[in-house]
2 protein chains.
Amino acid sequence: QVQCVVPVFILLHTPASSSSAAGSSPLKSLFQYIDDHQDQFIQRLAEWVAVQSESSDPAKWIEVEKMLNITAQRIREMGGSVELADVGTQQLSSGAVVPVPPVLLAEFPGDPKKATLCIYGHVDVQPAKKEDGWATNPYNLTEISGNLYGRGATDNKGPVLAWLHAVEVYQAIDITQYFFADVDYIVISDSVWASRNPALTYGARGSSYFFVEVDGPVDDFHSGVYGGSIHEPMTDLIALLASLVDHTGKILIPGVTDDVVPLTDSERKTYQNISFDLEDMKKVVGVKHFLQDTKVKVLMARWRHPSLSIHGIQGAFSEPGIKTVIPGRVIGKFSIRHVPSMNPPDVERKVQEHLKQVFNGLRSPNRMKVTSAIGAKPWVGKLCDNQYVAGGKAIKNVFGMEPELIREGSTVPILQDFQEVTGKSVMMLPIGGHDDGEHSKNEKISRYNFIEGTKLFAAYIYELSQV
Amino acid sequence: QVQCVVPVFILLHTPASSSSAAGSSPLKSLFQYIDDHQDQFIQRLAEWVAVQSESSDPAKWIEVEKMLNITAQRIREMGGSVELADVGTQQLSSGAVVPVPPVLLAEFPGDPKKATLCIYGHVDVQPAKKEDGWATNPYNLTEISGNLYGRGATDNKGPVLAWLHAVEVYQAIDITQYFFADVDYIVISDSVWASRNPALTYGARGSSYFFVEVDGPVDDFHSGVYGGSIHEPMTDLIALLASLVDHTGKILIPGVTDDVVPLTDSERKTYQNISFDLEDMKKVVGVKHFLQDTKVKVLMARWRHPSLSIHGIQGAFSEPGIKTVIPGRVIGKFSIRHVPSMNPPDVERKVQEHLKQVFNGLRSPNRMKVTSAIGAKPWVGKLCDNQYVAGGKAIKNVFGMEPELIREGSTVPILQDFQEVTGKSVMMLPIGGHDDGEHSKNEKISRYNFIEGTKLFAAYIYELSQV
C-alpha cells in the first residue's frame, strides 16, 4: 500500500560547553532571541503548511517532494549538508510501480568528539479538505485566539521547524561550535502532551492497517432489481467488520492479545502521577463517558493496551442523500494498535485467519481479500538514559515543573527500529498540546507551545552538552 | 429527506377508431414513420440526457427544473397544455427549507367521450459521475454497438420521450382526433424487461430508505490517540448494520416479514412461464450463484419477497489510501423493499424499535437517530383489465410473441397510490432491456428497444382505441 511517513533525519552536534561564559547558562539570551523572533518563526510555519504534502495519495507525492526540497534548502542555508536518499519504488493497488518520495538526511558540521543528537521528524501530512469540516482553509495557517490552525501545524511540520529554529538560535547568538560525531541520542517530536503539562514520552503503540475487500458482482446494481437474490458484498463486509471488536472495545480476533505484557505495580504508579483530567478530557472529546471509568484505566487503554478502530468503507455510497445501489466491490478499512510485546506479522496472520474463517461461514460466492500495510512495532524507551535526564531538566527550566512521563497511543513507525538498529537511546520530546487534533480537521498548534517549545529544544540541546 | 422522483403526468386521449380506413390498421404507416425518424428521436434523447437533472441533491434541483421546462416546452409545441404544479417545500437535513421541484401535468386536447390514457413517468435521474466507473460521460449520450449509454437513457427519459414520439407519430400522419376525457387507464414505462422478451409488468415492490446516524465525539479523532478508550461511532454503527440481515438474505428485524402474502399455486405458475435464464443472469451480474438455487425462487426473491440492502456509510473514510481516523459522526444507509401486504409505516416502526433495542445493548454514550424516507407501498395490478389485453396485443403485433407477465423488484412510488386514489387500472409497459443498468454506472437503452418501444406505444394506443 501507500507509504505514510516521509522521514526527515537531522544530525546535530551539541554545542561546546566551553562556549558558555564562566559556567553561566546561555539560555537567557537564547530564549530572548526566540521571543523576539516568534512572528518570523510563525511566518515560516505558514509557508510550510501551505504545501499540500499529503503522502497517502501518490498523486500528491509531487507536493511531498516540494516540501522535502524546501526543508533541504532551509537546512543548507543554515550550513547543513543534505542528502535526499532514494528509497526505491512501490507498487500501488492499481498495479502501477512508482518511485517513493526520498528520505531527507541532513547533518550540521562539528567536532566528532562531541555527543551527537539525531532528530527525527516528518514533513508529509495527513489528507485534509475544507469539506471535512475544517473551520479554516487547512493549508492556510490561521491564528485564532493564540492557536495556529493548519494541516501539519502540530503533526509534524511545526515541531520539525521548531528544531531548526532552535539550531538557528544557537547560530544567531554565535554559540556555534557544532561538531560531527556518531549518533548518541535520538530525539523525536512527533507526538503531543497528555494534559496541559509538558511531558517526556517513553512509549508508543505500533500499528497495522488492514484492507478487507469483498468483490463479487461485476458492477454496482439496483437494490430494487437484485435485492434479495444476490449475496451483497456490503452484507458480507458488515458481517466481517462486526466480528472484529465488541462494544466494550475488546478485540475479538482469537489470540491477538495473548502477548500483551502484564502490568507491574511500578508501571501502574506512573499512570497515577499524571495530571490527566478525565472530566476535562470528556469535554475535549465530547463524550459522556469513556470505555473505562477511571483515569488510570483510560490512560492504560490509550497507551499500553491494543485497540482496533474501523475507519471506513471505500466503494459504497458515502455521499449525502439517497442512492439505492448495491455496491459491487467494497473495501473495509481498520487498524490495530500494537503494544509490547505484540508482533505485527503475527497479528496480521491472526487477522487473516480470523477473517477467512468468518467469511467461510457466510457461504458467499464473492471473493474476499485481506491486505495489510504499515506493520509498525510498538516501542518503549529507556527512562534511565541521560537524555531523559536532560529532557527533564530542560522542561524544569522552561516550564518550571517536573515532566510527566507519558506514552503515546499513536504510532511512530521508526521508533522501535531505531532503538533496535542503533542500540542508542530514543526519546520523544513533544511540544504539541493534547487538544491539537493531529490527523483530524482543524489541526493546530498554539503560539505558546510553538515558541516555548523552541526554547525547550534549545534548553535540551544545552543540557545534553553539559552531560 | 430528499424527494427522489419528480413526476410527469400526460393525459392522452386514444384516437378516434374511425380514423383508420375501413377497419385496416394504420400501424404499418405509423411504424414506417418511426423507423424513418429514429436518428431524430435519438438526437432528442441525447439533448434530454445532457441535462444533469439529479433530484437527490437539492443543489441540482435547478437542473431538474430546467429538464421539466424542456419537457413542458416540447409538449406545448405538440399542442398539449402544461401545468407545472407547485408541491410545496421540503426541509433538508441541514435545516434549510427549500421549494421542491414542481410536478408536470400535461393534457392533449380531445373529445371527452373517448377513453383517456394517463401516462406517468419522470425526467429526473439518479446521481452519476464519470469517476463511478462509467465507460462514457454519463451526460453525453453515446451509441456503442447499438446501445445508447447515458444517465436517464432507460430510467426514465428514454421511455418518456418514446411516449411523446408515439403521440408525435399520430399527429404527423394526421390521425389526430384526440379528445379530453376522464382518465380510464394509467400506464407507466419506468421499468425494464425481465429477459430478452417483451413483458407486461403487473407488480412492483415498495421501499423505505433508512438513515441510522451515530453521533458522539465532537470531532473526528486520531485512532492512535483515542483508540481503545472511546465508544467509536463506527463500531456502534457496524454492530447496528450487522443486526439487520443475515448471510442468507433473511431480514432479522422482528416482525417485518409477518404480513407477506402467502404464495398460491396459480401465482407460482406465472414464474415458471418466464424465459428468465439463470445461467445467463449469473453472467450479467457476475456472480457464481444467487442466494436461491432455482429460477422460480430467484424471481420470487426479486419480485414477491422483501429484501434489505445496505448502501453505504456517510461520514467515515471512503477514499482510496490510508487514514487513521475515528469518525465522530457516521450515517449508515439501508433500504427495505416491501411486498404485498407489508405496510411501510408499520415496517418503519419495527425498524426503529429493533435498532433502538440493539443500540441499548451496546451501552454506548453516543447518540443514535433513525430516520426514514420514501415510504412507498408495494403494488399489484389487475391482470384481467382491458389495458393488459391491449398491451398483450400490441406486443404480439410489434414483437410477434406473447408478453411475459412479470413484476418489478424496484419501486415506483406512485403505482399503488394511483390505483387506490383513482380506482382505475394501472399497468407498466416497459421498453428497457433487462441489462440496461438503471441506477448504476453505464446506464443505457438499446437503439432497438428505444425505436421498437416507440412502435409498441403507438400500437398500444391503437389497441386501446379499439376497445
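What does the charge count around A:Glu267 come to, taking other residues whose C-beta lies under 11 Å from its C-beta (Lys +1, Arg +1, Asp -1, Glu -1)?
Taking every Cβ under 11 Å from that of A:Glu267, the sum is +3.
Got the B:Lys369 label distances to the other copies yet, label 7 Å along Cα→Cβ, in nm, shortest first?
Nearest to farthest, the other copies are at 3.9 nm.
Whole-Hz ³J(HN,Hα) for each residue in region B:363-369, computed from phi via Karplus 6.51 cos²θ - 1.76 cosθ + 1.60 with θ = phi - 60°, x for glycine and proline: what do you get?
Per residue, the Karplus-derived 3J(HN,Hα) values read 6, 9, x, 6, 9, 10, 9 Hz.
Take every DSSP beta bridge with both residues inside the protein assembly as shown and express the antiparallel ones as a percent of the total, to the nearest 5.
Approximately 70 percent, going by the DSSP bridge assignments.
By its C-alpha gyration tensor, with a ≥ b ≥ c as the square roots of the eigenvalues, how is the protein assembly as shown shaped: rounded for a/c under 1.5, else prolate for a/b larger than b/c, else oblate?
In terms of gyration-tensor shape, prolate.
Angle check, please: helix B:157-172 long axis (alpha carbons) against the longest principal axis of chain B (alpha carbons), in degrees 0 to 90, nearest 10.
The two axes meet at around 10 degrees.
How about B:Lys350: which aspartates and glutamates have a C-alpha closer than 16 Å to its C-alpha, ignoring those fewer than 8 places off in the same chain?
Cα-Cα hits under 16 Å: B:Asp258, B:Asp259.
From the phi of every residue in region B:425-436, what ³J(HN,Hα) in whole Hz does the Karplus formula 6.51 cos²θ - 1.76 cosθ + 1.60 yield, where θ is phi - 60° and glycine or proline is x?
The phi angles translate into 6, 10, 9, 9, 10, x, 10, x, x, 5, 10, 6 Hz.
Taking the label point 7 Å from Cα in the Cβ direction, how far apart in nm is A:Asn386 from each other copy of itself, listed shortest first?
Its label point is 10.4 nm from the equivalent points in the other copies.
So which lysines pass the test for B:Lys157, namely a Cα distance under 22 Å, with those fewer than 8 places away in the same chain ruled out?
Reachable lysines: A:Lys323, B:Lys60, B:Lys66, B:Lys129, B:Lys130, B:Lys441, B:Lys444, B:Lys455.
Provide the net charge surrounding B:His311, with neighbours chosen by a C-beta distance below 12 Å and charges set as Lys +1, Arg +1, Asp -1, Glu -1.
Here the charged neighbours net out to -1.
For a quick check: with amide H placed at 1.01 Å from N, whose amide H comes under 5 Å from B:Gln90's, ignoring anything fewer than 5 positions away on the same chain?
Amide H neighbours of B:Gln90, under 5 Å, 5+ apart: B:Val98, B:Val100.
With r defined as the distance between the Cβ atoms of B:Gln40 and B:Phe399 and R0 fixed at 22 Å, what FRET efficiency is calculated, to the nearest 0.05?
The computed FRET efficiency comes out at 0.40.
Report, in degrees rounded to the nearest 10, the 0 to 90 angle that the Cα long axis of helix B:447-466 makes with the longest principal axis of chain B.
60
Using +1 on the beta carbon of Lys and Arg, -1 on that of Asp and Glu, and nothing else charged, what's the dipole of the protein assembly as shown about the Cα centre, debye to 20?
1480
So who's got an amide H within less than 5 Å of the one on A:Phe221, skipping anything under 5 residues away but keeping other chains? H placed 1.01 Å off N, in plane.
HN-HN under 5 Å from A:Phe221: A:Ile326, A:Gly328.
Using only Cα atoms, what is the ratio of the radius of gyration of chain A to 2.2 N^0.38 Å?
Relative to the rule-of-thumb radius for its length, chain A sits at 1.04.
Mind giving me the FRET efficiency for A:Gln466 and B:Ala96? R0 is 60 Å, r the Cβ-Cβ distance, nearest 0.05 is fine.
Once the sixth-power term is evaluated, E becomes 0.40.
Using a 10 Å cut-off on Cβ to Cβ distances, tally the other chain neighbours for every residue of A:298-309 and report the average as a whole number.
Across A:298-309, the average partner-chain Cβ count within 10 Å equals 5.
Can you work out the Karplus-derived ³J(HN,Hα) for every residue in region B:294-305? Use 6.51 cos²θ - 1.76 cosθ + 1.60 with θ = phi - 60°, whole Hz, and x for glycine or proline.
10, 3, 4, 5, 5, 4, 5, 5, 7, 10, 10, 10
Hey, if you put +1 on the Cβ of every Lys and Arg and -1 on every Asp and Glu Cβ in the protein assembly as shown, which of A:Val260, B:Ser318, B:Ser425 ends up farthest toward the positive end of that dipole?
It is A:Val260, whose Cα lies furthest towards the positive end.
How far is helix A:27-36 tilted off the main Cα axis of chain A, in degrees rounded to 10, range 0 to 90?
The two axes meet at around 60 degrees.
Among the aspartates and glutamates, which have Cα under 14 Å from the Cα of B:Lys393 when same-chain residues fewer than 8 positions away are ignored?
Within the straight-line cut-off, B:Lys393 pairs with B:Asp385, B:Glu402, B:Glu404, B:Glu463.
What is the sum of charges, Lys and Arg at +1 and Asp and Glu at -1, for the other residues whose Cβ falls under 12 Å from the Cβ of B:Lys393?
-1
Taking the Cα centre of chain A as the origin, how large is its charge dipole in debye, to the nearest 20, when only Lys and Arg (+1) and Asp and Glu (-1) carry charge on their Cβ atoms?
820
Using the 7 Å Cα-to-Cβ label point, sort the distances from B:Lys288 to its equivalents in the other copies shortest first and give them in nm to one decimal.
Listed shortest first, these distances are 4.6 nm.
Between A:Leu263 and B:Lys129, what FRET efficiency comes out of the Förster formula 1/(1 + (r/R0)^6) with R0 = 51 Å and r the beta carbon distance, rounded to 0.05?
0.50
Residues with amide H under 5 Å of A:Glu404's amide H, sequence separation 5 or more or different chain, H placed in the peptide plane at 1.01 Å from N; which?
Under 5 Å from the amide H of A:Glu404 lie the amide H atoms of A:Ala199, A:Leu200, each far enough along the sequence or on another chain.
Under the rule of -39500 (n - 2.57) per DSSP H run of 4 or more residues, summed and divided by the residues of the protein assembly as shown, what mean residue ellipticity at 222 nm is obtained, to the nearest 500 deg cm²/dmol? Kindly include the intermediate steps, with their values, before the conclusion.
On the way: 26 runs with 312 residues, N = 934.
Estimated from H runs of four or more residues: -10500 deg cm²/dmol.
Determine the dipole magnitude for region B:161-261: charges of +1 sit on the beta-carbon of Lys and Arg, -1 on that of Asp and Glu, nothing else is charged, the reference point is the Cα centre, and the result goes in debye to the nearest 20.
480
Which whole-number percent is the relative contact order of region B:393-467 (Cα, under 8 Å, 6+ apart)?
This gives 37 percent for region B:393-467.
If each of A:Asp346 and B:His289 carries a label point 7 Å out from its Cα toward its Cβ, how far apart are those two points in nm?
That separation, rounded to one decimal, is 3.9 nm.
Work from the charge dipole of chain A (Cβ charges, +1 for Lys and Arg, -1 for Asp and Glu, about the Cα centre) and give the residue of A:His37, A:Ile395, A:Pro58 farthest towards its positive end.
Farthest towards the positive end: A:Ile395.
Only the coordinates and a few stated rules stand behind these numbers; no lab work does. The model shown is predicted, which means the values in this text are computed figures rather than measured ones. Neighbour counts run over all protein chains shown; Cβ positions are idealised from the backbone, glycine included.
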